[in-house]
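**Q** One structure, pasted below without further comment.
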Amino acid sequence: MLHVDIVKQLGEFALQAAFESQGRVTGLFGASGSGKTSLVNMIAGLLRPDRGTISIDGEVMDDTEKGVHVPAWQRRIGYVFQDARLFPHLGVAQNLDYGRRMNRVADDPAQRQRVIELLDIGHLLDRRPGKLSGGERQRVALGRALLSKPRLLLLDEPLGALDEGRRAEILPYLVRLRDEARIPMVYVSHDPAELRQLATQIVLLKNGRVTSFGGVKVLSGS
Amino acid sequence: MFDITPTEWTAILLSLRVATVATLMATPPGIALAYLLARRDFWGKSLLDALVHLPLVLPPVVTGYLLLLAFGRRGPIGAFLADYFGIVLAFRWTGAVLSCGLMSFPLLVRPMRLSIEAVDRRLEQAAETLGAPPWRVFFNVTLPLALPGVLAGMVLGFAKAIGEFGATITFVSNIPGETQTISSAIYSLIQTPDGDAAALRLVVVSVVIAVAALIGAEWFARRATRRLHGN
């Protein structure tokens, strides 16, 4: 369960969001500039709220009143960025194994093989990120986040930088991920169609405020 | 004309040794400082920045004399080092390492700082979300991506160290076999009757070293950049 109740001033922009989600995939929906990415960065621990609390499965990540702020690297939250952010100086295989190495998770070849097959990236392992297409890059970024064995996976418009064809290429992987990987996800998008396919619960964000919350139905109101 | 005499060889080897040791010793603090200046905000940052650049703008004689005051046998730091550690810097080749290292420090730090500033912070964030603590982020992401600039800084520092003259001759004098580098040897030879040919030989040698360092730096930087971008 993800619980968020935060206030953050970002220049002129005020972000004030509170919601609690039990869903397997929480869709965070809003126009660009509605504060989606800032909110996700706060859940990841990359940005500190001015006031409020964030907790995952009852474990407190942020509590400004008690002065609690668990740094990003201790949260075990996977993050797939819009721009993939693969390490350009490492090969695909090293990128994939980075999270496991950092978290001192024991090598799990079966899990690794499952993820590689799920995302269809076995033939890319020896390549450098510079040699990959946008879609391939995003699949490797997904695999990298999954293999760090996160307790929550954040996906910030993972299809945003891709053209129509590439989107259609990745979307099935995401659906499979939802149904097979059993990791709760927060999926950020400004595309209702995408969220209808993936999300189980929706948080509607407008100008830094949560305007509605509920099942996928709330998307039809927007 | 190209029979380099033993005295000249001594000066050449000493210069190479002084510049190499100075560069190697200045590199770790140089990287640390470059990182601080590029990535951290703290009280007194502009003062520290100015202090780093001071050797570049002070007359070298002044820097050398200040070193002599501080690190001479009776200077506060020099007396301490000699009494407790038996380390004497004044009029020794190790003192030349100190003065060359200090004089080349601003040139060494600058490219390092620029290349660290240019590292994409979003990649550092990605490493954080994958569980890397700050020091791992630095060694796994920031430093490898800044490597071309780090190497460029080292080469620039080395070239400056090998040519350093004013501060070094003031601090450690011009003793053949101990502190006489290529530069101070050339200086002595020019003042000696019939020293022209020998001076010219050393001039050619220093040009060769400088050009070799520049070509080497270019080669390293290209290789490093190619490796980073995976081509």
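**Q** What's the number of the only condition in (1) under 20 Å from the mean Cα position of the chain (by Cα); (2) surrounded by fewer than 22 Cβ atoms within 10 Å (Cβ to Cβ); (3) within 14 Å of chain B (Cβ to nearest Cβ) that A:Met61 fails to meet?
**A** Looking at each condition in turn, A:Met61 falls short on (2).
**Q** Now for a separate question. Enumerate the strands (runs of 3 or more DSSP E) found wholly within region A:1-114, keeping only those where 1 or more residues are among the small types (Gly, Ala, Ser).
**A** The strands (runs of 3 or more DSSP E) meeting that bar are A:13-21, A:25-29, A:51-56, A:77-80.
**Q** Look through region A:82-123, keep the residues that are of a type in the set (S, T, N, Q) and within 14 Å of another protein chain (Cβ to nearest Cβ), and return whichever of them is nearest to A:Arg151 (Cα to Cα).
**A** Here the answer is A:Asn103.
**Q** Here is a follow-up. Report yes if A:Ser55 is within 18 Å of B:Gln125 (Cβ to Cβ), away from chain B (no Cβ under 11 Å) and buried (at least 17 other Cβ atoms within 10 Å of the Cβ), otherwise no.
**A** Considered against the rule, which asks whether it is within 18 Å of B:Gln125 (Cβ to Cβ), away from chain B (no Cβ under 11 Å) and buried (at least 17 other Cβ atoms within 10 Å of the Cβ), A:Ser55 comes out as no.
**Q** Restricting the search to region B:85-113, which residues are part of a helix (DSSP H, G or I), touching an Asp or Glu at 6+ places or on another chain (Cβ under 7 Å) and more than 13 Å from B:Val21 (Cα to Cα)?
**A** Once the filter is applied, which keeps residues that are part of a helix (DSSP H, G or I), touching an Asp or Glu at 6+ places or on another chain (Cβ under 7 Å) and more than 13 Å from B:Val21 (Cα to Cα), region B:85-113 yields only B:Met103.
**Q** Kindly indicate whether B:Ala132 is more than 16 Å from the chain's Cα centre (by Cα), part of a loop (DSSP other than H, G, I, E, B) and of a type in the set (A, V, I, L, M).
**A** Answer is yes for this residue.
**Q** Tell me, which residue of region B:139-176 that is out of contact with any helix residue (DSSP H, G or I) (no Cβ under 8 Å at 6 or more places or on another chain) and farther than 19 Å from B:Leu24 by Cβ is surrounded by the most Cβ atoms within 10 Å (Cβ to Cβ)?
**A** Taking the candidates together, the pick is B:Ser173.
**Q** Would it be correct to say that B:Ala82 is within 14 Å of chain A (Cβ to nearest Cβ), assigned to a helix (DSSP H, G or I), free of Cβ contacts under 8 Å to residues at least 40 places away in the same chain and not hydroxyl-bearing (Ser, Thr, Tyr)?
**A** no
**Q** Still on this structure, I have one more. Just to verify a result, which residue in region A:33-81, among those that are among the hydroxyl-bearing types (Ser, Thr, Tyr) and more than 17 Å from A:Leu146 (Cα to Cα), is modelled with the lowest pLDDT?
**A** That would be A:Ser34.
**Q** Do we find that B:Pro134 is touching a residue at least 24 places away in the same chain (Cβ under 8 Å) and not β-branched (Val, Ile, Thr) in this structure?
**A** no
**Q** Out of all the residues in region B:110-129, which are more than 14 Å from every other protein chain (Cβ to nearest Cβ), out of contact with any Ser or Thr (no Cβ under 9 Å at 6 or more places or on another chain) and of a type in the set (A, V, I, L, M, F, W, C)?
**A** Residue satisfying the conditions is B:Leu114 alone.
**Q** Looking at A:Leu118, A:Leu86, A:Leu124, can you tell me which residue is buried (at least 21 other Cβ atoms within 10 Å of the Cβ) and in contact (Cβ under 8 Å) with a residue 40 or more places away in the chain?
**A** Result: A:Leu86 is the single residue among A:Leu118, A:Leu86, A:Leu124 that is buried (at least 21 other Cβ atoms within 10 Å of the Cβ) and in contact (Cβ under 8 Å) with a residue 40 or more places away in the chain.
**Q** Residue by residue through region A:66-77, note down the ones that are more than 7 Å from chain B (Cβ to nearest Cβ) and crowded, with 22+ Cβ neighbours inside 10 Å.
**A** Across region A:66-77, the qualifying residue is only A:Arg75.
**Q** Here's another thing I want to ask about it. Only helices (runs of 4 or more DSSP H) wholly contained in region B:138-231 count here; list those with 2 or more residues that are within 14 Å of another protein chain (Cβ to nearest Cβ).
**A** B:143-163, B:196-228
The values are calculated or read from the model by the stated rules, or taken from the named source; none is laboratory data. Quick caveat, the model's predicted, so the values are computed rather than measured. Neighbour counts run over all protein chains shown; Cβ positions are idealised from the backbone, glycine included.
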